[in-house]
């Protein structure tokens, strides 16, 4: 086992830590030593600690954790309203940081954090947007770059993602207390914008209408939008968290002048004059890939896809969808 492993602490012990971050970090034991878990809930922290391959310290006070001089990095997986302050504290403490998306609840707060990070060029800060590491979306982008469907003309992405009371995301109350702009539409929207930008390139103009169909999902649960890309492709993006449909495949469809494609999280289908080609994707999963890229960036100085500036652009597009249609 390497003597130069990255000494990392998890800040947060919620459902997504247990589902994705802790297993991904445990699988990198040869490169990463998780030395601590920090959470307001000792029970939650202990549950995460049991998932890790080596003993860890449990903290309930973030400043005390960040004061540990031998700690190299933190993985911040906290509610959106808490993220910016903890990222700021970690950067000011001299730690490398990977933090869950979005970069911040608002673009104004995001600008402040980016300015702070720019004063610390030797510290890595990754905003964990796993859609940029989804293999199917990367393959779709490559298919378009290779001319498999010709020039993209039009696209549509219709998502029905019901947040029912038995969903773990419903049970995380901070998502339903109207503490940040957009609610679920922002929380999921930065994912979808990152996916669109990965496949189709930069977004230059948008417009949208939103609705609140359920009182328990404030301030809104549904968005219908039109989008124009720098490439000239135009399309629609609709999403609802209020209800679902067994008839939907939740896939992004892109039509070009020489073919078309359909892509979702694990499958890409391309149709052109050579026929239909299908690819399926499994492990490594996107969270595993992005955390490995974070470790590469810290230990070897390699570039990564999830810079704060990229996350900022995702947030600007979502804010424009919720506001006046200006993206930059």
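Within the set 210, 191, the sole residue that is assigned to a strand (DSSP E or B) and touching a helix residue (DSSP H, G or I) at 6+ places or on another chain (Cβ under 7 Å) turns out to be 210. When residue 65 is tested against the conditions (1) within 29 Å of residue 283 (Cα to Cα); (2) in contact (Cβ under 8 Å) with a residue 40 or more places away in the chain; (3) touching a strand residue (DSSP E or B) at 6+ places or on another chain (Cβ under 6 Å), the lone failure is (1).
Of the residues contained in region 94-112, one or more are found to be in a helix (DSSP H, G or I), within 12 Å of residue 125 (Cβ to Cβ) and either out of contact with any strand residue (DSSP E or B) (no Cβ under 6 Å at 6 or more places or on another chain) or in the same structural domain as residue 42 (by TED's automatic domain parsing) (or both). Looking across 263, 254, 239, one residue alone is touching a helix residue (DSSP H, G or I) at 6+ places or on another chain (Cβ under 6 Å) and either in contact (Cβ under 8 Å) with a residue 12 or more places away in the chain or within 30 Å of residue 77 (Cα to Cα) (or both). It is 263. Just so you know, in region 158-183 the residues that are touching a strand residue (DSSP E or B) at 6+ places or on another chain (Cβ under 9 Å) and within 16 Å of residue 250 (Cβ to Cβ) include one that is surrounded by the most Cβ atoms within 10 Å (Cβ to Cβ), and it is 159.
Any residue at all in region 222-233 that is assigned to a strand (DSSP E or B), surrounded by fewer than 15 Cβ atoms within 10 Å (Cβ to Cβ) and at pLDDT 95 or above? Looking through region 222-233, none of the residues is assigned to a strand (DSSP E or B), surrounded by fewer than 15 Cβ atoms within 10 Å (Cβ to Cβ) and at pLDDT 95 or above.
For residue 116, are the conditions met, namely being in the same structural domain as residue 198 (by TED's automatic domain parsing) and touching a residue at least 24 places away in the same chain (Cβ under 8 Å)? Against the criterion (in the same structural domain as residue 198 (by TED's automatic domain parsing) and touching a residue at least 24 places away in the same chain (Cβ under 8 Å)), residue 116 does not qualify.
Within region 64-78, the set of residues being within 23 Å of residue 127 (Cβ to Cβ) and part of a loop (DSSP other than H, G, I, E, B) comprises 71, 72, 77, 78. Considering only residues in region 272-305 that are touching a helix residue (DSSP H, G or I) at 6+ places or on another chain (Cβ under 6 Å) and assigned to a loop (DSSP other than H, G, I, E, B), the one that is farthest from residue 254 (Cα to Cα) turns out to be 302. If the condition is being buried (at least 18 other Cβ atoms within 10 Å of the Cβ) and more than 19 Å from the chain's Cα centre (by Cα), then region 270-285 contributes only 270.
The values are calculated or read from the model by the stated rules, or taken from the named source; none is laboratory data. Because the structure is predicted, anything quoted here is derived from the model rather than measured. So basically every Cβ, Gly included, is an ideal-geometry build from the backbone, and we count neighbours across all protein chains shown.
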